[in-house]
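Peer 1: There's a structure below that I have some questions on.
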Amino acid sequence: MTAPSLTAPSLTALVDLDGTLTDPYPGISASILYALERLGHPPADELALRAAIGPPLEGSFATMLGGDVVLAKQALGHYRERFGTVGLFENAVYGGIPEALGALQESGVRMFLASSKPRVFCERILDHFELTPFFTTVHGSEFDGRLGEKEELIAHILAVEGIDPSHCVMIGDRRYDIEGARANAIKVAAVGWGYGTVEEFETFPPDTIVPSVADLAPAVLRLLRGEG
């Protein structure tokens with residue numbers, strides 16, 4: 001009698017973009033300031049600009065504009081005027097990221113980009129920085145706001161890609177990555193070089209905090225293999 005063949009479960013990582021793979025602060029901050037200027041609104045301070053990296057941007061604009069959702073939509077339109085032509089390339093890949101992604105890929109990990117940024121911007125950024133080959137599929141939000149929340153986006157990716165949550169890790173730098181992963185029963189590796197704060201990770205604890213890019217592949221593999 002022939003023994004049934006056993007297929008090892010596919011190891012999968014969902015990977016955030018801003019603050020995880022690249023530092024987008026110059027382009028995002030300049031585009032936010034441009035949008036506020038177009039509305040005749042005073043510029044945001046650095047704390048508000050840094051806090052805007054990670055969550056859906058329309059909500060960040062609403063906060064900056066005193067809760068005015070109509071103005072926030074207008075601001076988002078002005079933001080995209082600049083970001084879509086100039087700002088998305090005012091950006092830099094963190095040192096060692098291509099090597100870390102390569103190590104995960106060589107270890108058999110399938111990677112899917114999972115960003116709240118509009119998908120078309122994500123695709124252009126990955127192409128520009130030659131990171132596209134590391135990813136099976138690029139997932140992001142749509143311009144109409146769909147899939148802008150991390151919980152919704154992750155649920156969508158798991159469903160359409162047929163991913164087993166028990167063999168999947170979310171890699172990101174903000175509480176939104178952690179909360180979205182928790183809501184979908186997947187583990188989280190929070191990176192220490194992005195825009196999340198110590199207080200943020202204490203309030204929304206991930207499964208592991210990765211202190212440096214050099215530690216990324218080993219930390220993710222430990223989580224996927226149930227070793228940490």
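FYI, it's all coordinate maths here, none of it is from the lab. Just so it is clear, the structure is predicted and the values come from calculations on it, not from any experiment. So basically every Cβ, Gly included, is an ideal-geometry build from the backbone, and we count neighbours across all protein chains shown.
Peer 1: Just grab the label-to-label distance for GLU202 and GLU99, each label 7 Å out from Cα along the Cβ direction, in nm (one decimal).
Peer 2: 3.3
Peer 1: Which distance in nm do the two modelled labels at ILE209 and LEU33 give, with both placed 7 Å along the Cα-to-Cβ direction?
Peer 2: In this crude spin-label approximation the distance works out to 3.0 nm.
Peer 1: Just need the relative contact order of the chain here, percent rounded to a whole number, with Cα pairs under 8 Å and 6+ apart.
Peer 2: Details: 378 pairs, mean separation 53.6, N = 228.
Taking the mean separation of contacting Cα pairs over the length of the chain, I get 24 percent.
Peer 1: Now a separate question. Starting from segment 164-213, pick out the GluC sites (Glu not before Pro) whose DSSP state is loop and whose Cβ has at most 16 other Cβ atoms within 10 Å.
Peer 2: Working: sites: GLU179, GLU199, GLU200, GLU202; in loops: none.
When the GluC sites (Glu not before Pro) of segment 164-213 are filtered for loop state and at most 16 Cβ neighbours within 10 Å, nothing remains.
Peer 1: Collect residues whose amide H, placed 1.01 Å from N in the peptide plane, falls under 5 Å from the amide H of VAL169; neighbours closer than 5 in sequence don't count.
Peer 2: Here the answer is THR12, ALA13, LEU14, since their amide H atoms fall under 5 Å of that of VAL169.
Peer 1: I'd like the distance between the alpha-carbon centres of segment 169-209 and segment 65-101, rounded to an integer number of Å.
Peer 2: After rounding, the separation between the Cα centres reads 21 Å.
Peer 1: Mind checking the full-extension length gain between ALA159 and ARG124? Use 0.36 nm per residue of separation minus the Cα-Cα distance, one decimal, nm.
Peer 2: Working: separation 35, 0.36 × 35 = 12.60 nm, distance 2.45 nm.
Extra length available between ALA159 and ARG124 comes to 10.2 nm.
Peer 1: Would you kindly state how much longer the chain becomes between GLU106 and LEU47 on full extension, computed as 0.36 nm times their sequence separation minus their alpha carbon distance, in nm to one decimal?
Peer 2: On the way: separation 59, 0.36 × 59 = 21.24 nm, distance 3.85 nm.
Here the segment from GLU106 to LEU47 would lengthen by 17.4 nm.
Peer 1: Can you tell me the FRET efficiency between THR63 and ARG225 if r is taken as the Cβ-Cβ distance and R0 is 30 Å, rounded to the nearest 0.05?
Peer 2: Computed FRET efficiency for THR63 and ARG225 comes out at 0.15.
Peer 1: Something else: Indicate the gyration tensor shape class of segment 56-171 (rounded, prolate or oblate), computed on the Cα atoms with a ≥ b ≥ c the square roots of the eigenvalues: a/c under 1.5 is rounded; otherwise a/b larger than b/c is prolate and the rest oblate.
Peer 2: In terms of gyration-tensor shape, oblate.
Peer 1: Which three extents, in angstrom, do the Cα atoms of segment 25-89 have along their principal axes, listed largest first?
Peer 2: 29, 21, 20 Å, listed from the longest principal axis down.
Peer 1: Also: For the chain, give the share of DSSP beta bridges that are antiparallel, in percent and rounded to the nearest 5; count only bridges with both residues there. Write out the running numbers ahead of the final one.
Peer 2: Working: 2 of 23 bridges.
Antiparallel: roughly 10 percent of the beta bridges in the chain.
Peer 1: Also, quick follow-up: Springs between alpha-carbon pairs under 10 angstrom, Gaussian network model over the chain: which of VAL169, VAL160, VAL109 fluctuates most?
Peer 2: Result for the chain, Cα springs under 10 Å: VAL160 fluctuates most.
Peer 1: Using the basic label-point model (7 angstrom from Cα toward the beta carbon), what is the PHE143 to GLU81 distance in nanometres?
Peer 2: Distance between the two pseudo-spin positions: 1.5 nm.
Peer 1: Still on this model: How large is ³J(HN,Hα), in whole Hz, for each residue of segment 51-60 in order, when computed from phi with the Karplus curve 6.51 cos²θ - 1.76 cosθ + 1.60 and θ = phi - 60°, using x for Gly and Pro?
Peer 2: Karplus-based 3J(HN,Hα) across segment 51-60 equals 5, 6, 8, x, x, x, 5, 4, x, 5 Hz.
Peer 1: How do ASP164, ASP16, ASP215 line up, fewest other C-beta atoms within 10 Å first? All intermediate terms of the calculation are to be shown ahead of the outcome.
Peer 2: Numbers: ASP164 12, ASP16 25, ASP215 17.
Ranking ASP164, ASP16, ASP215 by Cβ neighbours within 10 Å, fewest first, gives ASP164, ASP215, ASP16.
Peer 1: Quick one: divide the alpha-carbon radius of gyration of the chain by 2.2 N^0.38 Å and tell me what you get.
Peer 2: Details: Rg = 18.0 Å, N = 228, 2.2 N^0.38 = 17.3 Å.
Output field value: 1.04.
Peer 1: For segment 26-38, in order, what is each residue's ³J(HN,Hα) by Karplus, 6.51 cos²θ - 1.76 cosθ + 1.60 with θ = phi - 60°, in whole Hz (x at glycine and Pro)?
Peer 2: Values, residue by residue: x, x, 5, 5, 5, 6, 5, 4, 4, 5, 5, 5, 4 Hz.
Peer 1: Tabulate in residue order the Karplus-calculated ³J(HN,Hα) for segment 206-220, using 6.51 cos²θ - 1.76 cosθ + 1.60 with θ = phi - 60°, rounded to whole Hz; enter x for Gly and Pro.
Peer 2: So the J values, rounded to whole Hz, are x, 6, 7, 10, 9, x, 9, 4, 4, 8, 5, 4, x, 5, 5.
Peer 1: State the extension gain, in nm to one decimal, for the chain segment bounded by GLU152 and SER10, taking 0.36 nm per residue of separation less the distance between their alpha-carbons. All intermediate terms of the calculation are to be shown ahead of the outcome.
Peer 2: Numbers: separation 142, 0.36 × 142 = 51.12 nm, distance 2.22 nm.
Using 0.36 nm per residue and subtracting the Cα-Cα distance, I get 48.9 nm.
Peer 1: List the aspartates and glutamates whose alpha-carbon lies under 15 Å from that of LYS150, not counting same-chain residues fewer than 8 positions away?
Peer 2: Within the straight-line cut-off, LYS150 pairs with ASP16, ASP18, GLU58, GLU142, ASP173, ASP177, GLU179.
Peer 1: So for GLU58, GLU37, fewest C-beta neighbours within 10 Å to most, what's the order?
Peer 2: So the ranking, lowest neighbour count to highest, is GLU37, GLU58.
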